[in-house]
Amino acid sequence: MTNSKIEVSNRDIYDALPETARTTGSTILMTGAFGGIGQQLSAYLLAQGTAASIIPISRRSPENSPINSYNLTTEVPDLKNIKNGENEPVKIDWIVHLATTCKVEEDLQMLRNLLQCAEENNISNFLYMSSWVVHFPEAYLHDEYIKMKRQCEQFLSDKRNLPDCIKTVQIIRPSVVIGKGLAWSNVLTDLSAIAPIIPKAFTRSFLSIKELNQTIESIINHNKISISNTENLQVLTLTLLGQRASLSEKAAEHAPSDIPSTIWKLIKPLFGAIAILLLIWSPNILGISREIILCLFAITYLLISFYQKILPLILAKISDYLAGFFYIRFEPETEVDILALVDCRNSNIRIRGYDNARLYFRNPNSSEYTTISLKKFNKILSVDTKKMTIRVQSGTHFAQLLPYLEQQGLWLDNYPNYHFISIGACILTAVHGSSLSYSFIADLVTWIRYYDRQTDKIIEIKRDEKDFSQVIFNTEKLGEIVILEVELKVCKRTYYRLTSEEKELDELRFDDLQNFVRQEQHYEVRVNKPYAKKAYLQSYEEISDATSKEGLLDIKADRIGSIWNVMQKNKFNSWLSSNITQQASINYEWFFQPEDFTRFWAEIRGDRQTYRMYKLLIRYNAKREDVNTPYHGTISIDIEIPVSRAMIECSKQLFLKYRPLEHQGKYSIEKNHIN
Ligand SMILES: Cc1cc2nc3c(=O)[nH]c(=O)nc-3n(C[C@H](O)[C@H](O)[C@H](O)COP(=O)(O)OP(=O)(O)OC[C@H]3O[C@@H](n4cnc5c(N)ncnc54)[C@H](O)[C@@H]3O)c2cc1C
């Protein structure tokens with residue numbers, strides 16, 4: 001057998017049984033080796049030399065098989081008779097378990113029997129082929145298959161179920177595997193006839209058999225080098241999403257011939273030509289008037305448009321609730337599930353916290369990407385009242401955290417006006433509030449635990465460590481690292497005395513804002529429009545030992561922030577407000593060095609025709625003694641513009657002129673219109 005040979009028959013698998021064993025490759029006991037994936041995987045592993053031999057275990061082994069048939073739901077395979085060239089029992093390195101009955105109890109029994117076989121034959125490594133369906137939300141699917149995969153994974157993840165000899169359990173969750181002769185490829189071939197009328201926006205994940213084979217190969221090879229020497233048991237889980245692709249395009253690729261799409265291409269212009277001819281000649285077909293014929297054409301056109309354009313949009317909107325076919329979003333609740341999904345092999349994913357990027361910042365994830373939102377990874381882990389810290393999972397947001405802290409008589413020195421922002425997002429994006437001592441939420445962070453996708457490592461880092469400031473607001477790390485847990489400094493429950501002041505905008509000087517605001521604890525300036533006459537200055541004094549709450553605020557949030565917080569609590573209101581906002585306006589926030597801000601402000605104030613900006617919120621983000629980033633020591637301005645070509649162009653020109661830092665959690669002029 002040569003190494004380059006990939007496509008082989010069952011016969012080749014037998015040819016490679018122990019008699020022809022290579023010394024470098026692993027010996028693998030494989031269930032499901034005669035199935036679609038099993039055959040191609042065996043052939044690949046043998047051809048690559050990763051497997052020296054593959055011992056197929058099957059309920060119906062072919063007659064020429066040197067291995068007996070075993071029904072794994074009732075029997076434990078007896079491997080004593082399998083000998084190598086020197087007539088010694090073969091040392092098996094891996095069990096690769098692909099077979100399934102799709103039934104919970106029977107599949108669990110298969111696992112028990114295989115693990116007993118592992119124990120009897122001292123096998124150290126176990127690879128279980130699960131499925132990405134384990135990520136699908138339970139509420140909408142009650143499929144036996146999903147239940148079975150979940151329970152089998154749970155069984156294998158419980159160390160009490162594993163014999164001592166097992167050192168590695170690798171669970172793989174592939175999405176839809178396509179390849180020659182595989183079930184999904186056949187479905188695509190069937191769909192190819194209607195490929196041209198499948199809306200282009202219908203996408204789903206496809207994993208090529210090649211990718212799957214290569215991943216399993218690398219796991220087996222990697223394991224040989226690094227893991228097999230360790231004493232500790234490792235249970236590793238990996239979800240393989242493959243690539244998202246348009247179902248229509250994928251189906252077309254699988255067409256036996258290109259006839260349907262050719263027909264469709266011909267029909268489309270024909271359709272338009274007939275409509276024009278009808279207009280010109282106004283024939284009276286079958287006694288039907290020209291108007292009715294035109295109406296029928298218009299209706300048909302609208303229906304096709306609805307099917308091709310509007311229906312996918314509607315489905316995309318409700319995709320959170322659609323599992324399976326159009327599934328483009330996962331909300332994992334455990335670290336294992338997050339790590340399985342964000343593996344760097346899954347290149348077409350977007351990591352999100354609460355996902356305001358999609359809700360409010362015109363940054364929906366295109367259908368080629370799968371969103372991994374951490375909003376359900378939101379447990380409060382511990383509170384230390386001596387150290388005055390709290391540890392949370394990164395999906396925790398302020399609307400959850402503040403009430404929890406209040407119950408303990410605790411609070412935060414700073415938080416944003418809008419509370420539905422995840423703590424994880426506060427590490428990589430410059431989320432801030434009005435405090436001057438702790439301008440950014442990251443200023444309260446004492447410890448972070450994150451996963452680095454490139455190095456495949458979980459890293460813990462304290463505030464006083466050198467690398468801490470390399471992580472904070474580091475735009476290069478967006479998408480590269482995943483914040484898992486965060487520790488924040490807390491304080492005693494505080495109330496606020498608000499002082500509002502109206503000031504002539506002409507009298508307001510921003511160049512000395514930094515000196516002025518030093519006297520305050522929280523400070524922000526609201527201006528309705530750059531050319532308005534008045535500015536509204538708001539400062540909050542913190543009162544932590546109040547005997548009476550009279551005249552004090554429970555929460556510091558301006559009117560707009562409070563309205564958003566109320567809206568976001570209700571799903572319908574949230575949906576409505578996010579849709580209306582996205583249609584009407586764009587919101588971005590820029591951070592300037594004070595002197596640059598003065599120039600910028602003079603420019604936008606000087607031309608009321610050009611700079612149609614609204615709801616401006618100006619803050620000073622003080623420098624800190626301990627950890628500083630380019631965002632510290634800046635003046636920030638939160639800007640709302642109407643969705644118009646002129647204002648986008650104008651924002652682009654301003655950006656190019658002043659090169660401010662952008663709030664990466666909001667709309668980015670640079671990413672959307674410059675790069
Ligand atoms: C109504 C409203 C009011 C707002 N008010 C304020 C305000 O007062 N002050 C302020 O500073 N901002 C404010 N914002 C902006 C807000 O801070 C950002 O949009 C923030 O990024 C949203 O958090 P999120 O959890 O939704 O992040 P997402 O939108 O989900 O993600 C934003 C970015 O952070 C990254 N990210 C998120 N979580 C993680 C993680 N765990 N690991 C790695 N990367 C991650 C994502 O990759 C993405 O690039 C407001 C937004 C809205 C909609």
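The values are calculated or read from the model by the stated rules, or taken from the named source; none is laboratory data. In this text the structure is predicted, and so the values were computed from the model without any measurement. For neighbour counting, all protein chains shown are included, and Cβ atoms are generated from backbone atoms with ideal geometry for every residue, glycine included.
Every test in (1) surrounded by 19 or more Cβ atoms within 10 Å (Cβ to Cβ); (2) modelled with pLDDT of 85 or more; (3) hydrophobic (A, V, I, L, M, F, W, C); (4) farther than 30 Å from Pro403 by Cα is passed by Leu513 save one, and that test is (2). Within segment 528-563, being modelled with pLDDT under 80, within 14 Å of the ligand (Cβ to nearest atom) and part of a loop (DSSP other than H, G, I, E, B) holds for one residue alone: Asp558.
Looking only at segment 382-391, decide whether some residue is more than 11 Å from the ligand (Cβ to nearest atom), outside the structural domain of Ser218 (by TED's automatic domain parsing) and within 13 Å of Leu484 (Cα to Cα). Yes, that holds for at least one residue.
So which of Ile641, Ile648, Ile674 ends up being within 16 Å of the ligand (Cβ to nearest atom), more than 30 Å from Trp447 (Cβ to Cβ) and either at pLDDT 95 or above or not aromatic (Phe, Trp, Tyr) (or both)?
One residue alone meets the criteria, Ile641.
Being in contact with a Leu (Cβ under 6 Å, 6 or more places away or on another chain), within 12 Å of the ligand (Cβ to nearest atom), more than 19 Å from His432 (Cβ to Cβ) and not charged (D, E, K, R) is a condition met by at least one residue of segment 578-595. Restrict the check to segment 177-186 and report whether at least one residue is in a helix (DSSP H, G or I) and either within 19 Å of Asp456 (Cβ to Cβ) or touching an Asp or Glu at 6+ places or on another chain (Cβ under 7 Å) (or both). No, because not a single residue in segment 177-186 is in a helix (DSSP H, G or I) and either within 19 Å of Asp456 (Cβ to Cβ) or touching an Asp or Glu at 6+ places or on another chain (Cβ under 7 Å) (or both). A residue that is at pLDDT below 95, within 15 Å of the ligand (Cβ to nearest atom) and aromatic (Phe, Trp, Tyr) cannot be found anywhere in segment 624-631. Flag: Leu553 matches the condition of being within 30 Å of Pro594 (Cβ to Cβ), surrounded by fewer than 16 Cβ atoms within 10 Å (Cβ to Cβ) and not assigned by TED's automatic domain parsing to the domain that holds Gln408.
Condition check: within 14 Å of the ligand (Cβ to nearest atom), under 19 Å from Ile555 (Cα atoms) and not assigned by TED's automatic domain parsing to the domain that holds Asp554. Does Ile441 satisfy that? So Ile441 fits the description; yes. A Cβ distance below 6 Å, combined with a sequence gap of six or more or placement on separate chains, defines the contacts here; from segment 408-425, residues that are more than 12 Å from Tyr354 (Cβ to Cβ) reach residues that are within 7 Å of the ligand (Cβ to nearest atom) in the pairs Asn414/Gly433; Tyr415/Gly433; Asn417/Gly561. Is one or more of the residues making up segment 448-462 within 21 Å of Lys623 (Cβ to Cβ) and touching a residue at least 40 places away in the same chain (Cβ under 8 Å)? The answer is no; no qualifying residue exists. Entry remark, segment 41-59: residues being in a helix (DSSP H, G or I) and of a type in the set (A, V, I, L, M) number 5 in total.
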